[in-house]
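A.B. asks: Mind having a look at this structure? Questions to follow.
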Amino acid sequence: MSALPNGAFSGSLPFLSDQFLFDEDIVYFNHGSFGACPRPVFEAYQRWQRELERQPVEFIQRRLEDLLAEARARLGAYAGASPDRLVFVPNATYGVNVVARSLKLQPGDEVLGTNHEYGAVNNTWRYACQVHDARYVTTPIDMPLNSADQFVDALWAGVTERTRAISISHITSPTALIFPIKPVIDRAREAGITTVIDGAHAPGQIDLALDELGADYYTGNAHKWLCAPKGAAFLYSAAGPESLLEPLVVSHGWNSGRSGSRLFDNFSWTGTMDPSAYLSVPAAIDFQTENDWPAVRAACHALASELRSAIQDITGLEPICPDSAEWYSQMFVARLPLDRLERLRDNLWPRYRIEVPAFERDGEAFTRISIQAYNSPRDAERFVDALSELLRD
Ligand SMILES: Cc1ncc(COP(=O)(O)O)c(C=O)c1O
């Protein structure tokens, strides 16, 4: 579908913008970088903070363990994961760091990623590999990406007898693609290769069934598309209580045998911190349930799809994947003319008040657009108008 002749988009979003806390008159198309937290969830977060301050010892020493267990149970039910395989971590970067430092790589080992991985995750593996004299290899996944076979074959071309772990995104950062990870996980298990999935963008944007998915390790952010407050993420370890994951920060629980789970002993207490973001995850799940999130997500995808076509009509540049919710959900990437990139970057936010990433990657220019429940067809029109103006001579 293209933009309608009069410039209007046909999407019918639920207009939840009054539930968020944005400044007036901006277009926020970058939920992918930093998600926004809806009012009721933010209020729940502040209630937890007040609750803690009423009696810190009572809250932290006597109640917190049970409260975290309840929050973890809700998250587990939401993500199709047994709660004893889940721990809260502050963010996905932290989650990948824990796994990378725990794997005990040997000299000559290889860790395989793709050329679509997140920069900080690349650095994490480079660091871990450097420390252990191992090698981090990123295999190219060419675009357009049109089939699961194309993906699996391209990735598997990077596997060697030294491949110790495969670390890939569920939804990629620079290209917003939903990678078909299940066949990779299955094949890796047969080959005895550990799988580490960076699901930073997945919770909230696609349905998860982590036990069924079968990855060894999976980290996901609640503070992006699930709309929890910042600092709420999880790390899943398939081995559950017997997990060999080691904490980045050693604290009281380490080696204590206290809870009957190595995972919980190592991760449920890593020094004093504010646990309110973790405890607000159930409120985020409730918010999405109460607002019929499958319908919100479908409406966001429909608007994303229309906007994607409209951008292609303006630029005449090829899409990076088929127009399907199998390949992208609420976030998509479109090609831009490279010679206009600087002009776009210099104007979209300062002049048009449109917050959206525009960047160069391998000699091509792209924009990544995130559509969330607060965006409206009017936002898409504003972007299309700005783009048309900025691409004009
Ligand atoms: C694919 C991917 N992985 C990891 C991260 C890191 O997330 P966080 O900053 O919450 O650790 C991001 C952030 O945008 C990302 O896009």
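The values are calculated or read from the model by the stated rules, or taken from the named source; none is laboratory data. This structure is a prediction, so every number in the text was calculated from the model and none was measured. As a convention, Cβ positions derive from the backbone with ideal geometry for all residues, glycine included, and neighbour counts pool all protein chains shown. When the accessible area is computed, the model is the full protein with side chains, heavy atoms only, and any ligands, DNA or RNA have been set aside. Shrake-Rupley method; radii C 1.70, N 1.55, O 1.52, S 1.80 Å.
A.B. asks: When residues of the stretch 24-52 are filtered for being open to solvent by 20 Å² or more (accessible area, probe 1.4 Å), farther than 28 Å from Gly119 by Cβ and part of a loop (DSSP other than H, G, I, E, B), how many remain?
C.D. replies: Qualifying residue count for the region: 2.
A.B. asks: Collect the residues in the stretch 62-93 that are within 20 Å of Tyr45 (Cβ to Cβ) and open to solvent by 50 Å² or more (accessible area, probe 1.4 Å), keeping them in residue-number order.
C.D. replies: Matches in the stretch 62-93: Arg63, Glu65, Asp66, Glu70, Arg74, Tyr78, Asn91.
A.B. asks: I need the full set of residues from the stretch 346-376 which are outside any loop (DSSP other than H, G, I, E, B), more than 30 Å from Ala228 (Cβ to Cβ) and open to solvent by 10 Å² or more (accessible area, probe 1.4 Å), in order please.
C.D. replies: Asp346, Asn347, Glu360, Glu364
A.B. asks: So, Arg189, is that one open to solvent by 30 Å² or more (accessible area, probe 1.4 Å) and touching a residue at least 40 places away in the same chain (Cβ under 8 Å) or not?
C.D. replies: So Arg189 does not fit the description; no.
A.B. asks: Identify all residues within the stretch 246-305 that are open to solvent by 60 Å² or more (accessible area, probe 1.4 Å), closer than 20 Å to Arg74 by Cα and aliphatic (A, V, I, L, M); write none if there are none.
C.D. replies: none
A.B. asks: One residue is enough: does the stretch 254-273 have a residue meeting the conditions polar (S, T, N, Q) and in contact with a strand residue (DSSP E or B) (Cβ under 6 Å, 6 or more places away or on another chain)?
C.D. replies: Taking every residue of the stretch 254-273 in turn, none turns out to be polar (S, T, N, Q) and in contact with a strand residue (DSSP E or B) (Cβ under 6 Å, 6 or more places away or on another chain).
A.B. asks: Output the residues belonging to the stretch 320-339 that are open to solvent by 40 Å² or more (accessible area, probe 1.4 Å) and not hydrophobic (A, V, I, L, M, F, W, C).
C.D. replies: Pro322, Asp323, Glu326, Asp339, listed by residue number.
A.B. asks: Just one of the numbered conditions (1) away from the ligand (no atom under 16 Å from the Cβ); (2) among the aromatic types (Phe, Trp, Tyr); (3) out of contact with any Lys or Arg (no Cβ under 9 Å at 6 or more places or on another chain) is not true of Tyr217; which one?
C.D. replies: (1)
A.B. asks: Identify the residue in the stretch 47-86 that is under 14 Å from Asn221 (Cβ atoms) and hydrophobic (A, V, I, L, M, F, W, C) and, among all such residues, is nearest to the chain's Cα centre (by Cα).
C.D. replies: So the residue we want is Ala79.
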